[in-house]
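The structure appears right after this line, and notes come after that.
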């Protein structure tokens, strides 16, 4: 056997006790994970493309040490040996059958090793065996509450299949509760905060569309980024970008997609989503400037057809019943240019649809509308059922519109337009009639976990 002159225990069985050997192996595995998790403390972001390779190089340095020690351990410590070897091999993103084999050997010898159950769960998950992964994390949790099992169960609960909306809601709520418990165990763990943010995001789209929930998401992501380990995870920035996109904080969303790609240039989803968002924003930019590229004669005919007394429908009486508070709200019809950024209380606007805007995610449903003086805005409608959107020529009335003036530059491209956000189609009046509940639908969205 070779002897290492590095200050650690060497591989000579005659000189070392089992406890010393395990300490050496544990220290080496700990250093391996520290190298991976703190990679960007010692490497520039430009080197991120080399991260997986560099981690594999470090892994290959310690695997021979395990081989040297293989026959040096007694039966009381062999379980920990297999656990450490399995954990070391599990440091890379891809599934490795040797991880499963070593961790299974470990748990046969000592089925009460919580960390081994968590590692085996991660291993199964990498192989898309979600059922066995869930079983492993549940076993780890049954042996004692721990943040790793809780946050993994949170993610898996939200991925569970469902047959009814009630089952879907139950899965989301279970995932949210697991994530909250994980944060309570260790409030300084950024990975747990990121999982909690994802759980809140799933809750927003799957249960109640309360805008405050998106604020909770962003707050949790910001907490996660205080942890250098979590900040280095590309999926954190990707999922944060998704949240920012739905918040319509477009510049921040583009920057977060870009940051996600910087941490792992080989991972495609951030690049794809950023490209889709850029195209969407360019389309909105162009269509609001050109009134949907509608020919002048047709546009003039459309403007002349706007009739407040008929097309405001139930709003023409000067009031409506709020879908949020149930209170009666007085309304005053105004032009698009009269609106201010933010919530325009006790105001209602009326216009004609000049175009729809293609969105790869289908959410939100987006269209452009003009008022009778020719001003054009983009309108984003959330929670609208598929195929139930408005079409060119429809009249649309929006009470108490929430306005954002988008104005920023990203990668030398200027984006400048006015946007009106509508949280539910139920507040809209289309062609003089209030939309009915069959027009509303829950949003389906994807939250991504990328194994490090």
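Read-outs throughout are calculated quantities, based only on the coordinates presented, and are distinct from any laboratory measurement. Predicted model only: the values in this text are computed from it and were never measured. No Cβ is skipped: glycine too gets one built from the backbone with ideal geometry, and neighbour counts run over all protein chains shown.
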task: Evaluate the relative contact order of the stretch 292-439 (contact order divided by residue number), counting alpha-carbon pairs under 8 angstrom at least 6 apart; express in whole percent.
output: 25
query: Using Cα atoms only, what is the angle between the long axis of helix 165-185 and the major principal axis of the chain, expressed in degrees (0 to 90) to the nearest 10?
result: 50
- prompt: Looking at the square roots a ≥ b ≥ c of the eigenvalues of the Cα gyration tensor of the stretch 292-439, which shape do they give, rounded for a/c under 1.5, prolate if a/b is larger than b/c, or oblate?
  reply: rounded
- request: Please state, to two decimals, what the Cα-based radius of gyration of the stretch 93-220 comes to when divided by 2.2 N^0.38 Å (N = residues).
  value: 1.11
- request: Quick one: compute the contact order of the chain, relative version, from alpha carbon pairs under 8 angstrom and 6+ residues apart, as a percent.
  value: 10
- request: Order these peptides, 248-260, 291-303, 128-140, by their mean beta-carbon neighbour count within 10 angstrom, highest first.
  value: 248-260, 128-140, 291-303
statement: Whole-Å distance linking the alpha carbon centroid of the stretch 30-97 with that of the stretch 362-395 is 53
query: Which angle between 0 and 90 degrees, to the nearest 10, do you get for helix 97-109 versus the longest principal axis of the chain when only C-alpha atoms count?
result: 60
- request: For helix 130-142, report the angle its Cα long axis makes with the longest principal axis of the Cα atoms of the chain; keep it between 0 and 90° and round to the nearest 10°.
  value: 70
message: Quick check on the chain: helices-only [θ] at 222 nm, where DSSP H runs of length 4 and up contribute -39,500 (n - 2.57) each and the sum goes over total residues. Nearest 500, please.
response: -16000 deg cm²/dmol
Three-way shape call for the stretch 18-281 based on the alpha-carbon gyration tensor, with the a/c threshold at 1.5: oblate
message: Let's test this: bin the Cα-Cα distances of the chain at 20 Å from zero up to the farthest pair and state each bin's percent.
response: 22, 44, 24, 9, 1
